[in-house]
1. Are there any pairs, at least 6 apart or on different chains, whose C-beta atoms fall under 6 Å, with the first in the range 143-172 and under 17 Å from residue 115 (Cα atoms) and the second open to solvent by 50 Å² or more (accessible area, probe 1.4 Å) and assigned to a helix (DSSP H, G or I), and if so, which?
2. Can you name every one of the strands (runs of 3 or more DSSP E) wholly within the range 1-99 that holds 1 or more residues which are open to solvent by 20 Å² or more (accessible area, probe 1.4 Å), at pLDDT 95 or above and not charged (D, E, K, R)?
3. Only one of these conditions is not met by residue 118: (1) in contact with a Ser or Thr (Cβ under 9 Å, 6 or more places away or on another chain); (2) buried (at least 24 other Cβ atoms within 10 Å of the Cβ). Which number is it?
4. Can you name the condition, by its number, that residue 274 falls short on among (1) part of a helix (DSSP H, G or I); (2) under 30 Å from residue 127 (Cα atoms); (3) under 21 Å from the mean Cα position of the chain (by Cα); (4) aliphatic (A, V, I, L, M)?
5. Search the range 139-152 for residues being farther than 16 Å from residue 210 by Cβ and open to solvent by less than 30 Å² (accessible area, probe 1.4 Å), and hand back the single one that is farthest from the chain's Cα centre (by Cα).
6. Looking only at the range 121-134, filter to residues that are part of a loop (DSSP other than H, G, I, E, B) and farther than 27 Å from residue 265 by Cβ; which one of those is most open to solvent (accessible area, probe 1.4 Å)?
7. Do the conditions hold for residue 140, that is, is it among the hydroxyl-bearing types (Ser, Thr, Tyr) and assigned to a strand (DSSP E or B)?
8. I'd like the residue in the range 247-266 that is more than 17 Å from the chain's Cα centre (by Cα) and crowded, with 16+ Cβ neighbours inside 10 Å and, out of all such residues, is farthest from residue 85 (Cα to Cα).
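The values are calculated or read from the model by the stated rules, or taken from the named source; none is laboratory data. Since the model is a prediction, treat every value here as computed from it, not as a measurement. Quick reminder, even Gly has a Cβ in these numbers, built from the backbone with ideal geometry, and neighbours come from all protein chains shown. The protein model used for the area step is the full one, side chains on, heavy atoms only, and it has no ligands, DNA or RNA in it. Shrake-Rupley method; radii C 1.70, N 1.55, O 1.52, S 1.80 Å.
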Amino acid sequence: MRAAVMGSPIAHSLSPHLHRAAYREMGLSGWSYDAFECDEAALPGLLRELRPVRGAGPEEAGSWAGLSLTMPLKRAVMPLLDSVSELAVEVGGANTVVFAGGAAHGDNTDVYGIVRALTEAGVPAPRSATVLGGGATACSALAALRDLGLYEATLVVRDPARAGETVGAAERLGVALAVQTFDKLTTATQVDLVVSTLPGVAGDAHADRLAGVPALFDVVYSPWPTRAAAAVESAGGIVVGGFAMLLHQAVRQVELMTGRSDVPVAAMRAAGEAEILRRVTLTG
């Protein structure tokens, strides 16, 4: 059985290390997991190429079990699938494709990953929250907040005119959304939880204004800690990094692709942390 992660750029992905660790621990010696560079333009053709080898079931050697999708493919894949979960429709993006019975089914495990990351870190269910950034991960963050019992949130973006897809996701999720710009960040961070979906070091410029929040979930996992995370932690707040989300969304993907529930979270965590440390050592 084959599986892979696809996106662009993809060379940095930790997914192969996480999934392969799970396969080893689960005794899935015939399974492989690769990483393929793929942009939006190449995605339709690639999915067509996979159709003949999907297989009618996991017992067919050489067939594809599924795909993990990262940016910019999570939204682009939606119209190319045979079926899509209700959650993926609500969020507006699928980060997981499972092949079975000759069909491709889309799902979203990012929401599960965010919820598990927050609960694992002991973050209390928030009574108020703000999400920074308006991309696909922000939509998953709003769904996670809903799953935690919060049906209203603030979205902070640079340009509200470009937040249409996130606003649409909030409407489908039943989450009342107030859209603000970064000049209002000081007021917007007077909440129980801030979720930063800003890429790379983009959140560093806002570290001082984030320092006093009770809890920060920053989707970045490298470099870690970000300046924002360090500021919150120094002030006594709870900090959750992006690796925890990546780990748990991958755990759920392994469950969906293998049909098994005995997924070795500890082994996957150790493999991911070891790879992050290796990269830090190489660049340090």
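1. The qualifying pairs do not exist here.
2. Values: elements: 2-7, 32-37, 64-69.
Answer list for the range 1-99: 32-37.
3. (1)
4. Going through the list (1) part of a helix (DSSP H, G or I); (2) under 30 Å from residue 127 (Cα atoms); (3) under 21 Å from the mean Cα position of the chain (by Cα); (4) aliphatic (A, V, I, L, M), residue 274 breaks only (2).
5. Kept after step one, since they are farther than 16 Å from residue 210 by Cβ, are these residues of the range 139-152: 139-140, 142-152.
Subset that is open to solvent by less than 30 Å² (accessible area, probe 1.4 Å): 139-140, 142-145, 150.
Numbers: 139: 10, 140: 7, 142: 12, 143: 12, 144: 11, 145: 14, 150: 19 Å.
That would be 150.
6. Filtering the range 121-134 down to residues part of a loop (DSSP other than H, G, I, E, B) leaves 121-128, 133-134.
Going one step further and asking which of them are farther than 27 Å from residue 265 by Cβ, we end up with 127-128, 133-134.
Numbers: 127: 190, 128: 37, 133: 10, 134: 27 Å².
Per the criteria, the residue is 127.
7. Working: among the hydroxyl-bearing types (Ser, Thr, Tyr): yes; assigned to a strand (DSSP E or B): no.
No, not satisfied.
8. Residues of the range 247-266 more than 17 Å from the chain's Cα centre (by Cα): 258-264, 266.
Those left that are additionally crowded, with 16+ Cβ neighbours inside 10 Å: 258, 263-264.
Working: 258: 18, 263: 22, 264: 25 Å.
Taking the candidates together, the pick is 264.
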